[in-house]
(Lines give C-alpha, C1' and ligand atoms only; values in the text may rest on other atoms or scores of the structure.)
Protein backbone atom coordinates (compact mmCIF):
# COMPACT_ATOMS: atom_id res chain seq x y z
CA UNK A 1 0.00 0.00 0.00
CA UNK A 2 1.18 3.52 -0.83
CA UNK A 3 0.14 6.00 1.86
CA UNK A 4 0.48 9.76 1.66
CA UNK A 5 0.77 11.03 5.22
CA UNK A 6 -0.17 14.70 5.71
CA UNK A 7 1.65 16.20 8.70
CA UNK A 8 1.90 20.03 8.77
CA UNK A 9 2.86 19.91 12.49
CA UNK A 10 6.64 20.07 12.86
CA UNK A 11 7.05 19.69 16.61
CA UNK A 12 5.15 18.48 19.66
CA UNK A 13 2.99 15.44 20.31
CA UNK A 14 1.26 15.37 16.90
CA UNK A 15 4.59 15.34 15.05
CA UNK A 16 6.00 12.67 17.38
CA UNK A 17 2.91 10.55 16.79
CA UNK A 18 3.25 10.93 13.01
CA UNK A 19 6.88 9.81 13.14
CA UNK A 20 6.21 6.69 15.21
CA UNK A 21 3.08 5.73 13.29
CA UNK A 22 4.68 6.24 9.87
CA UNK A 23 7.61 4.02 10.87
CA UNK A 24 5.21 1.33 12.09
CA UNK A 25 3.27 1.49 8.81
CA UNK A 26 6.51 0.94 6.89
CA UNK A 27 7.39 -2.00 9.14
CA UNK A 28 4.17 -3.66 7.96
CA UNK A 29 5.07 -3.20 4.31
CA UNK A 30 3.46 0.13 3.46
CA UNK A 31 5.27 2.70 1.36
CA UNK A 32 4.81 5.97 3.23
CA UNK A 33 5.48 9.47 1.94
CA UNK A 34 5.18 12.11 4.65
CA UNK A 35 4.37 15.67 3.59
CA UNK A 36 5.79 18.06 6.18
CA UNK A 37 7.42 21.47 6.62
CA UNK A 38 11.18 22.14 6.40
CA UNK A 39 11.18 22.43 10.22
CA UNK A 40 10.12 18.81 10.69
CA UNK A 41 13.09 17.07 12.39
CA UNK A 42 14.87 14.57 10.15
CA UNK A 43 17.54 12.05 11.07
CA UNK A 44 15.55 10.29 13.81
CA UNK A 45 15.61 6.90 12.14
CA UNK A 46 12.66 7.53 9.85
CA UNK A 47 11.91 4.65 7.51
CA UNK A 48 9.45 6.68 5.46
CA UNK A 49 10.11 9.20 2.70
CA UNK A 50 10.15 12.83 3.83
CA UNK A 51 8.92 15.61 1.55
CA UNK A 52 9.21 19.06 3.24
CA UNK A 53 6.93 20.90 0.81
CA UNK A 54 4.46 22.40 3.29
CA UNK A 55 4.81 25.79 4.93
CA UNK A 56 4.54 26.71 8.58
CA UNK A 57 3.06 30.02 9.78
CA UNK A 58 5.80 32.31 11.05
CA UNK A 59 4.00 34.74 13.32
CA UNK A 60 6.90 35.72 15.59
CA UNK A 61 6.85 39.28 14.26
CA UNK A 62 3.06 39.53 14.28
CA UNK A 63 2.35 38.93 17.98
CA UNK A 64 1.09 42.49 18.49
CA UNK A 65 -1.02 42.53 15.35
CA UNK A 66 -3.70 39.91 15.95
CA UNK A 67 -5.51 40.49 12.64
CA UNK A 68 -2.37 40.00 10.56
CA UNK A 69 -1.42 36.96 12.60
CA UNK A 70 -4.81 35.31 11.98
CA UNK A 71 -4.66 36.19 8.28
CA UNK A 72 -1.21 34.64 7.98
CA UNK A 73 -2.30 31.44 9.73
CA UNK A 74 -5.38 31.11 7.48
CA UNK A 75 -3.31 31.77 4.37
CA UNK A 76 -0.82 29.06 5.37
CA UNK A 77 -3.59 26.57 6.12
CA UNK A 78 -5.25 27.10 2.75
CA UNK A 79 -1.92 26.96 0.92
CA UNK A 80 -1.00 23.63 2.52
CA UNK A 81 -4.37 22.04 1.81
CA UNK A 82 -4.18 23.01 -1.88
CA UNK A 83 -0.59 21.73 -2.09
CA UNK A 84 -1.85 18.45 -0.66
CA UNK A 85 -4.61 18.22 -3.26
CA UNK A 86 -2.19 19.03 -6.09
CA UNK A 87 0.27 16.42 -4.86
CA UNK A 88 -2.40 13.72 -4.69
CA UNK A 89 -3.51 14.41 -8.25
CA UNK A 90 0.01 14.56 -9.71
CA UNK A 91 1.34 11.46 -7.95
CA UNK A 92 -1.69 9.15 -8.14
CA UNK A 93 -2.07 8.37 -4.43
CA UNK A 94 -5.16 6.36 -3.46
CA UNK A 95 -4.71 6.44 0.32
CA UNK A 96 -4.18 9.66 2.29
CA UNK A 97 -3.81 9.77 6.07
CA UNK A 98 -4.10 13.02 8.03
CA UNK A 99 -1.87 13.12 11.11
CA UNK A 100 -4.68 14.90 12.92
CA UNK A 101 -8.23 16.04 12.20
CA UNK A 102 -8.86 19.75 11.93
CA UNK A 103 -11.95 21.76 11.14
CA UNK A 104 -10.45 25.25 11.17
CA UNK A 105 -11.48 27.14 8.04
CA UNK A 106 -12.65 23.84 6.51
CA UNK A 107 -15.44 25.45 4.43
CA UNK A 108 -12.67 27.19 2.47
CA UNK A 109 -10.51 24.12 1.74
CA UNK A 110 -12.46 20.87 2.23
CA UNK A 111 -14.31 21.15 -1.09
CA UNK A 112 -11.13 20.33 -3.04
CA UNK A 113 -10.50 17.15 -1.05
CA UNK A 114 -14.17 16.22 -1.27
CA UNK A 115 -13.82 16.26 -5.06
CA UNK A 116 -10.90 13.84 -4.80
CA UNK A 117 -12.86 11.59 -2.43
CA UNK A 118 -15.63 11.35 -5.03
CA UNK A 119 -12.99 10.09 -7.48
CA UNK A 120 -12.12 7.21 -5.15
CA UNK A 121 -9.33 8.63 -2.99
CA UNK A 122 -9.55 7.17 0.53
CA UNK A 123 -8.95 9.78 3.23
CA UNK A 124 -8.37 8.82 6.85
CA UNK A 125 -7.49 10.93 9.88
CA UNK A 126 -6.27 10.39 13.43
CA UNK A 127 -8.89 12.10 15.61
CA UNK A 128 -6.69 13.07 18.54
CA UNK A 129 -9.29 15.45 20.00
CA UNK A 130 -12.71 13.99 19.19
CA UNK A 131 -14.72 16.56 21.15
CA UNK A 132 -14.46 19.78 19.15
CA UNK A 133 -15.77 22.28 21.68
CA UNK A 134 -13.17 25.03 21.24
CA UNK A 135 -15.24 27.53 19.28
CA UNK A 136 -13.50 29.88 16.84
CA UNK A 137 -15.85 32.52 15.46
CA UNK A 138 -19.67 32.29 15.46
CA UNK A 139 -21.20 28.98 16.56
CA UNK A 140 -22.84 28.46 13.15
CA UNK A 141 -19.42 28.77 11.46
CA UNK A 142 -17.85 26.42 14.00
CA UNK A 143 -20.52 23.76 13.43
CA UNK A 144 -20.31 24.13 9.65
CA UNK A 145 -16.52 23.83 9.85
CA UNK A 146 -16.74 20.59 11.86
CA UNK A 147 -19.03 19.05 9.25
CA UNK A 148 -16.79 20.17 6.39
CA UNK A 149 -13.72 18.76 8.16
CA UNK A 150 -15.37 15.33 8.23
CA UNK A 151 -17.06 15.57 4.84
CA UNK A 152 -14.26 14.00 2.76
CA UNK A 153 -13.10 11.41 5.32
CA UNK A 154 -13.81 7.70 4.89
CA UNK A 155 -11.91 6.50 7.97
CA UNK A 156 -11.71 8.10 11.43
CA UNK A 157 -9.20 6.62 13.89
CA UNK A 158 -9.80 7.33 17.59
CA UNK A 159 -8.16 6.18 20.82
CA UNK A 160 -11.38 5.62 22.77
CA UNK A 161 -14.83 4.38 21.69
CA UNK A 162 -16.94 7.46 20.92
CA UNK A 163 -19.79 8.56 18.71
CA UNK A 164 -18.26 11.43 16.78
CA UNK A 165 -20.27 14.63 16.50
CA UNK A 166 -20.08 15.21 12.75
CA UNK A 167 -22.92 17.79 12.86
CA UNK A 168 -24.65 16.27 9.87
CA UNK A 169 -24.97 12.56 8.96
CA UNK A 170 -21.82 11.02 7.44
CA UNK A 171 -23.00 7.55 6.37
CA UNK A 172 -19.74 6.82 4.57
CA UNK A 173 -17.54 7.52 7.61
CA UNK A 174 -16.22 4.53 9.54
CA UNK A 175 -14.72 4.89 13.05
CA UNK A 176 -12.00 2.55 14.35
CA UNK A 177 -10.43 2.48 17.82
CA UNK A 178 -6.63 2.19 17.70
CA UNK A 179 -4.09 2.12 20.54
CA UNK A 180 -1.72 5.02 21.20
CA UNK A 181 1.80 3.59 21.12
CA UNK A 182 4.64 4.58 23.41
CA UNK A 183 7.14 7.22 22.42
CA UNK A 184 10.79 6.44 22.00
CA UNK A 185 12.87 6.22 25.16
CA UNK A 186 15.75 8.70 25.09
CA UNK A 187 18.55 7.96 27.48
CA UNK A 188 19.39 10.68 30.00
CA UNK A 189 22.68 12.45 29.33
CA UNK A 190 23.55 12.64 33.04
CA UNK A 191 22.93 10.66 36.19
CA UNK A 192 19.96 11.44 38.45
CA UNK A 193 22.34 12.87 41.04
CA UNK A 194 24.03 15.17 38.51
CA UNK A 195 20.74 16.42 37.12
CA UNK A 196 19.30 17.21 40.55
CA UNK A 197 22.52 18.91 41.59
CA UNK A 198 22.35 21.12 38.49
CA UNK A 199 18.71 21.97 39.29
CA UNK A 200 19.52 22.63 42.96
CA UNK A 201 17.06 19.96 44.10
CA UNK A 202 17.83 17.80 47.16
CA UNK A 203 18.74 14.23 46.27
CA UNK A 204 16.09 12.78 48.60
CA UNK A 205 13.25 15.11 47.54
CA UNK A 206 10.09 13.94 45.78
CA UNK A 207 9.97 15.71 42.42
CA UNK A 208 6.86 16.31 40.29
CA UNK A 209 7.19 16.97 36.56
CA UNK A 210 4.71 18.83 34.36
CA UNK A 211 5.96 18.27 30.81
CA UNK A 212 4.86 19.65 27.45
CA UNK A 213 3.03 22.69 26.10
CA UNK A 214 1.90 25.10 28.80
CA UNK A 215 -1.70 25.35 27.63
CA UNK A 216 -3.99 27.18 30.11
CA UNK A 217 -7.15 25.95 28.36
CA UNK A 218 -6.11 22.32 28.86
CA UNK A 219 -3.75 22.04 31.81
CA UNK A 220 -4.24 23.01 35.45
CA UNK A 221 -0.69 23.82 36.48
CA UNK A 222 -2.08 26.45 38.85
CA UNK A 223 -3.75 23.71 40.91
CA UNK A 224 -0.41 21.92 41.28
CA UNK A 225 1.26 25.09 42.54
CA UNK A 226 -1.54 25.66 45.06
CA UNK A 227 -1.29 22.04 46.27
CA UNK A 228 2.41 22.52 47.00
CA UNK A 229 1.44 24.64 50.04
CA UNK A 230 0.29 21.42 51.74
CA UNK A 231 3.41 19.40 50.87
CA UNK A 232 6.63 21.22 51.85
CA UNK A 233 8.69 18.20 50.83
CA UNK A 234 7.60 18.33 47.17
CA UNK A 235 9.46 20.02 44.30
CA UNK A 236 8.02 20.85 40.88
CA UNK A 237 9.65 21.04 37.46
CA UNK A 238 7.62 22.75 34.73
CA UNK A 239 9.17 22.02 31.34
CA UNK A 240 7.64 23.15 28.06
CA UNK A 241 6.88 26.16 25.95
CA UNK A 242 4.10 28.72 26.18
CA UNK A 243 1.62 28.06 23.37
CA UNK A 244 1.11 30.75 20.75
CA UNK A 245 -2.43 31.31 22.03
CA UNK A 246 -1.22 31.94 25.58
CA UNK A 247 1.98 33.95 25.43
CA UNK A 248 3.84 34.20 28.74
CA UNK A 249 1.25 32.27 30.75
CA UNK A 250 4.24 30.69 32.48
CA UNK A 251 5.02 34.14 33.92
CA UNK A 252 1.65 34.15 35.70
CA UNK A 253 2.43 30.73 37.20
CA UNK A 254 5.77 32.05 38.45
CA UNK A 255 3.98 34.98 40.09
CA UNK A 256 1.53 32.56 41.68
CA UNK A 257 4.38 30.46 43.07
CA UNK A 258 5.98 33.60 44.55
CA UNK A 259 2.75 34.72 46.21
CA UNK A 260 2.20 31.26 47.71
CA UNK A 261 5.82 31.07 48.92
CA UNK A 262 6.57 27.89 46.99
CA UNK A 263 8.76 29.47 44.28
CA UNK A 264 11.90 28.14 45.98
CA UNK A 265 10.73 24.60 45.21
CA UNK A 266 9.77 25.28 41.57
CA UNK A 267 12.08 24.89 38.60
CA UNK A 268 11.20 26.32 35.20
CA UNK A 269 12.44 25.24 31.77
CA UNK A 270 10.23 27.35 29.51
CA UNK A 271 11.06 26.42 25.93
CA UNK A 272 10.41 23.68 23.44
CA UNK A 273 12.28 20.77 25.01
CA UNK A 274 14.71 19.14 22.52
CA UNK A 275 14.64 15.35 22.30
CA UNK A 276 18.12 15.05 23.75
CA UNK A 277 17.08 16.83 26.96
CA UNK A 278 13.90 14.83 27.58
CA UNK A 279 15.65 11.95 29.29
CA UNK A 280 17.27 14.19 31.91
CA UNK A 281 13.93 15.68 32.95
CA UNK A 282 12.26 12.30 33.37
CA UNK A 283 15.29 10.90 35.18
CA UNK A 284 15.14 13.74 37.71
CA UNK A 285 11.42 13.27 38.39
CA UNK A 286 9.44 10.85 40.55
CA UNK A 287 5.85 11.80 39.75
CA UNK A 288 4.34 12.84 36.41
CA UNK A 289 1.65 15.49 36.80
CA UNK A 290 -0.96 15.07 34.07
CA UNK A 291 -3.43 17.53 35.54
CA UNK A 292 -5.74 18.34 32.64
CA UNK A 293 -9.02 20.20 32.85
CA UNK A 294 -12.37 18.45 32.48
CA UNK A 295 -12.62 19.79 28.92
CA UNK A 296 -9.67 17.57 27.92
CA UNK A 297 -11.13 14.27 26.69
CA UNK A 298 -8.48 12.69 24.52
CA UNK A 299 -5.28 10.66 24.79
CA UNK A 300 -2.18 12.20 26.34
CA UNK A 301 1.09 11.83 24.50
CA UNK A 302 2.90 12.70 27.72
CA UNK A 303 1.39 9.62 29.38
CA UNK A 304 2.91 7.43 26.68
CA UNK A 305 6.25 9.14 27.08
CA UNK A 306 6.06 8.68 30.86
CA UNK A 307 5.31 4.98 30.35
CA UNK A 308 8.55 4.61 28.38
CA UNK A 309 10.40 5.90 31.47
CA UNK A 310 8.20 3.90 33.89
CA UNK A 311 7.12 7.06 35.72
CA UNK A 312 3.74 6.81 37.50
CA UNK A 313 1.42 9.79 37.40
CA UNK A 314 -1.21 11.80 39.18
CA UNK A 315 -3.77 12.60 36.53
CA UNK A 316 -7.10 14.27 35.81
CA UNK A 317 -9.20 15.06 32.74
CA UNK A 318 -12.68 14.58 31.36
CA UNK A 319 -13.86 11.14 30.21
CA UNK A 320 -11.53 9.83 27.54
CA UNK A 321 -8.51 7.70 26.76
CA UNK A 322 -6.28 9.26 29.43
CA UNK A 323 -8.72 8.37 32.20
CA UNK A 324 -9.33 4.88 30.83
CA UNK A 325 -5.61 4.10 30.54
CA UNK A 326 -4.61 5.39 33.98
CA UNK A 327 -7.39 3.48 35.74
CA UNK A 328 -7.28 0.26 33.66
CA UNK A 329 -3.53 -0.24 34.00
CA UNK A 330 -3.03 1.40 37.39
CA UNK A 331 -0.60 3.92 35.92
CA UNK A 332 -1.10 6.37 38.76
CA UNK A 333 -3.61 8.09 41.00
CA UNK A 334 -6.74 9.46 39.35
CA UNK A 335 -8.22 12.69 40.75
CA UNK A 336 -11.30 14.73 39.96
CA UNK A 337 -10.59 17.39 37.33
CA UNK A 338 -10.60 21.08 38.28
CA UNK A 339 -10.69 20.28 42.01
CA UNK A 340 -7.99 21.57 44.35
CA UNK A 341 -9.24 19.35 47.18
CA UNK A 342 -9.21 16.23 45.03
CA UNK A 343 -5.69 16.96 43.79
CA UNK A 344 -4.43 17.50 47.35
CA UNK A 345 -6.02 14.21 48.43
CA UNK A 346 -4.55 12.47 45.39
CA UNK A 347 -1.02 13.65 46.14
CA UNK A 348 -1.41 12.50 49.75
CA UNK A 349 -2.61 9.10 48.54
CA UNK A 350 0.31 8.81 46.12
CA UNK A 351 2.89 9.63 48.80
CA UNK A 352 1.38 7.23 51.34
CA UNK A 353 0.80 4.32 48.95
CA UNK A 354 2.69 4.73 45.65
CA UNK A 355 0.92 3.07 42.69
CA UNK A 356 2.20 -0.16 41.18
CA UNK A 357 1.48 0.17 37.45
CA UNK A 358 0.99 -2.80 35.13
CA UNK A 359 3.67 -1.52 32.76
CA UNK A 360 4.18 -4.71 30.77
CA UNK A 361 0.47 -5.17 30.12
CA UNK A 362 0.16 -1.54 29.07
CA UNK A 363 3.10 -1.86 26.68
CA UNK A 364 1.78 -5.09 25.20
CA UNK A 365 -1.72 -3.72 24.55
CA UNK A 366 -0.66 -0.28 23.28
CA UNK A 367 1.86 -0.90 20.53
CA UNK A 368 2.55 1.01 17.33
CA UNK A 369 2.43 -2.30 15.48
CA UNK A 370 -1.21 -2.87 16.42
CA UNK A 371 -1.96 0.77 15.67
CA UNK A 372 -0.51 0.49 12.16
CA UNK A 373 -2.12 -2.89 11.43
CA UNK A 374 -5.59 -1.54 12.20
CA UNK A 375 -4.99 1.55 10.06
CA UNK A 376 -3.79 -0.49 7.07
CA UNK A 377 -6.65 -2.97 7.34
CA UNK A 378 -9.27 -0.23 7.36
CA UNK A 379 -7.66 1.84 4.59
CA UNK A 380 -7.44 -1.28 2.39
CA UNK A 381 -11.05 -2.23 3.12
CA UNK A 382 -12.27 1.26 2.27
CA UNK A 383 -10.84 1.30 -1.26
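The values are calculated or read from the model by the stated rules, or taken from the named source; none is laboratory data. Note that this is a predicted model, so its numbers are computed, not measured. As a convention, Cβ positions derive from the backbone with ideal geometry for all residues, glycine included, and neighbour counts pool all protein chains shown.
Any idea which residue in region 137-187 is surrounded by the fewest Cβ atoms within 10 Å (Cβ to Cβ), counting only those that are over 22 Å from the mean Cα position of the chain (by Cα) and more than 19 Å from residue 109 (Cβ to Cβ)?
Within region 137-187, the match that is surrounded by the fewest Cβ atoms within 10 Å (Cβ to Cβ) is 171.
What single numbered condition from (1) assigned to a helix (DSSP H, G or I); (2) under 22 Å from residue 18 (Cβ atoms); (3) at pLDDT below 95 fails to hold for residue 360?
If we test residue 360 against (1) assigned to a helix (DSSP H, G or I); (2) under 22 Å from residue 18 (Cβ atoms); (3) at pLDDT below 95, just (2) comes out false.
Within region 364-381, count every residue that is assigned to a helix (DSSP H, G or I) and either surrounded by 15 or more Cβ atoms within 10 Å (Cβ to Cβ) or on the phi > 0 side of the Ramachandran plot (or both).
10
Quick grid of which residues meet (1) in the same structural domain as residue 278 (by TED's automatic domain parsing); (2) at pLDDT 95 or above; (3) part of a strand (DSSP E or B); (4) closer than 27 Å to residue 127 by Cα:
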position	(1), (2), (3), (4)
156	no, yes, yes, yes
160	no, no, no, yes
163	no, no, no, yes
166	no, yes, no, yes
171	no, no, no, yes
187	no, no, no, no
197	yes, yes, no, no
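If the Cβ limit is 7 Å and pairs must be 6+ apart or interchain, which residue in region 354-369 that is outside the structural domain of residue 158 (by TED's automatic domain parsing) pairs with which residue that is loosely packed, with under 14 Cβ neighbours inside 10 Å and in a loop (DSSP other than H, G, I, E, B)?
What qualifies is 359/310.
For region 125-135, which residues satisfy the criterion of being in contact with a helix residue (DSSP H, G or I) (Cβ under 6 Å, 6 or more places away or on another chain) and over 19 Å from residue 322 (Cα atoms)?
Across region 125-135, the qualifying residue is only 135.
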